[in-house]
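The values are calculated or read from the model by the stated rules, or taken from the named source; none is laboratory data. These numbers were taken from a predicted model, which means no experiment stands behind them. Here the Cβ positions follow ideal geometry from the backbone for every residue, glycine too, while neighbour counts run over all protein chains shown. For the accessible areas, the whole protein counts, side chains as well, though only heavy atoms, and no ligand, DNA or RNA atoms are used. Shrake-Rupley method; radii C 1.70, N 1.55, O 1.52, S 1.80 Å.
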Amino acid sequence: MANFPFDDRDGWIWLDGSLVPWRDARLHVLSHGLHYASAVFEGERAYSGNIFRLRDHSDRLIASGRWLNFEIPFTAEQIDAASAEVLAANGLTDGYVRPIAWRGSEQLAVSATGTSIHLAIGAWPWPSYFGAERMQGIRVGGQAEWRRLPPETAPVHAKAAGLYMIGSLAKVKAEQAGYSDALMLDWRGLVAETTGANIFFVIDGNLHTPVPDCFLNGITRRTVISLARRAQMKVVERPIEPSELARATEVFLAGTAAEVTAVREIGPHRFTPGRITETLMKAYDHLVQQSPEEVARIVA
């Protein structure tokens, strides 16, 4: 992916209401969204021609914009249709879809008053994020130096561009040390997530996951919880101390890019991907191939 520049590709991107050639999908360098992170986005995956939980993503995109005090000038129905259109225009049935909305260039100051709101949607092929390591388990570095913010200090429930800065810093540092990802704590020192995915632990045979009170309650996270409960697994959402990693027997990540990915190592702790991880991975992989109607029925 890194060797294939995103600004120099063949294809189409949906921009402010119409498809434009990939290389012509541009914004001005003095756009407010670039300078002040006044942007929100979604990460979506398409399987067999259907974008998984598309309406949930479109609804969240609109809600994220409202958290940043702007209204995206398209309805969820229009965003759904545009997402499907750009997927088809690029000849994709499986791939990654990225909608992003941002403030324009009418104002370049901390104030964003009077800025126009833009929306673009791109789509491209993207295989499994962690490849063959999904069940083997990835290596996650120890606690990142940056922490998730208290909910009163930032719009932590929005999928906002600015909130990903510390995740990017932590992931690059982890990769430089030979890991695939890093563990993020919150401002209290509790386990939060990794840099771009929610995290689950198997402790005493049950599934435990941090309460998403200062980070995104991911769509994949909610999907996995639904699948686990359908499989009669006990799911416990609670504050988790870093010291409790020593008690976990299995660990996995859940996110649109990561899907369900096993973890075999976090800092000094080692885990063996097992029955619960495999069961939920298979259940998720099966679910994403179903029709949108069937997905809605299962995760309702």
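Is there a residue in segment 201-221 that is in a helix (DSSP H, G or I), of a type in the set (D, E, K, R) and open to solvent by less than 30 Å² (accessible area, probe 1.4 Å)? Show your work before the answer.
Kept after step one, since they are in a helix (DSSP H, G or I), are these residues of segment 201-221: 219-221.
Subsequent filtering for residues that are of a type in the set (D, E, K, R) retains 221.
Restricting the remaining residues to those that are open to solvent by less than 30 Å² (accessible area, probe 1.4 Å) gives 221.
Among the residues of segment 201-221, at least one is in a helix (DSSP H, G or I), of a type in the set (D, E, K, R) and open to solvent by less than 30 Å² (accessible area, probe 1.4 Å), which makes the answer yes.
Which members of segment 174-187 meet the condition of being under 29 Å from W67 (Cβ atoms) and either open to solvent by 10 Å² or more (accessible area, probe 1.4 Å) or not acidic (D, E) (or both)?
Within segment 174-187, the subset under 29 Å from W67 (Cβ atoms) is 174, 181-187.
Those that are under 29 Å from W67 (Cβ atoms) and either open to solvent by 10 Å² or more (accessible area, probe 1.4 Å) or not acidic (D, E) (or both): A174, A182, L183, M184, L185, W187.
Would you say Q176 is at pLDDT below 95, farther than 22 Å from W14 by Cβ and more than 15 Å from the chain's Cα centre (by Cα)? Please lay out each step first, then the result.
Working: at pLDDT below 95: no; farther than 22 Å from W14 by Cβ: yes; more than 15 Å from the chain's Cα centre (by Cα): yes.
Spelling it out, it is not the case that Q176 is at pLDDT below 95, farther than 22 Å from W14 by Cβ and more than 15 Å from the chain's Cα centre (by Cα).
One line per residue, one yes/no per condition, for (1) open to solvent by 20 Å² or more (accessible area, probe 1.4 Å); (2) assigned to a helix (DSSP H, G or I); (3) farther than 30 Å from T223 by Cα; (4) touching a residue at least 40 places away in the same chain (Cβ under 8 Å):
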site	(1), (2), (3), (4)
R9	no, no, yes, yes
L30	yes, no, yes, yes
H35	yes, yes, yes, yes
E71	yes, no, no, yes
Q78	yes, yes, no, no
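Inspect all residues belonging to segment 86-98 and state whether any of them is open to solvent by 70 Å² or more (accessible area, probe 1.4 Å) and assigned to a strand (DSSP E or B).
yes
Kindly establish whether L190 is more than 28 Å from I276 (Cα to Cα), buried (at least 19 other Cβ atoms within 10 Å of the Cβ), out of contact with any strand residue (DSSP E or B) (no Cβ under 7 Å at 6 or more places or on another chain) and modelled with pLDDT of 95 or more.
On the way: more than 28 Å from I276 (Cα to Cα): no; buried (at least 19 other Cβ atoms within 10 Å of the Cβ): yes; out of contact with any strand residue (DSSP E or B) (no Cβ under 7 Å at 6 or more places or on another chain): yes; modelled with pLDDT of 95 or more: yes.
No.
Got a sec? Which of A46, A112 is surrounded by 18 or more Cβ atoms within 10 Å (Cβ to Cβ), of a type in the set (A, V, I, L, M, F, W, C) and over 24 Å from A257 (Cα atoms)?
Result: A112 is the single residue among A46, A112 that is surrounded by 18 or more Cβ atoms within 10 Å (Cβ to Cβ), of a type in the set (A, V, I, L, M, F, W, C) and over 24 Å from A257 (Cα atoms).
Restricting attention to segment 162-193, which residues are part of a helix (DSSP H, G or I), farther than 15 Å from I138 by Cα and among the hydrophobic types (A, V, I, L, M, F, W, C)?
L163, M165, I166, L169, A170, V172
What single numbered condition from (1) open to solvent by 50 Å² or more (accessible area, probe 1.4 Å); (2) modelled with pLDDT of 95 or more; (3) touching a strand residue (DSSP E or B) at 6+ places or on another chain (Cβ under 7 Å); (4) farther than 22 Å from D186 by Cα fails to hold for M135?
Tallying (1) open to solvent by 50 Å² or more (accessible area, probe 1.4 Å); (2) modelled with pLDDT of 95 or more; (3) touching a strand residue (DSSP E or B) at 6+ places or on another chain (Cβ under 7 Å); (4) farther than 22 Å from D186 by Cα, M135 fails exactly one: (2).
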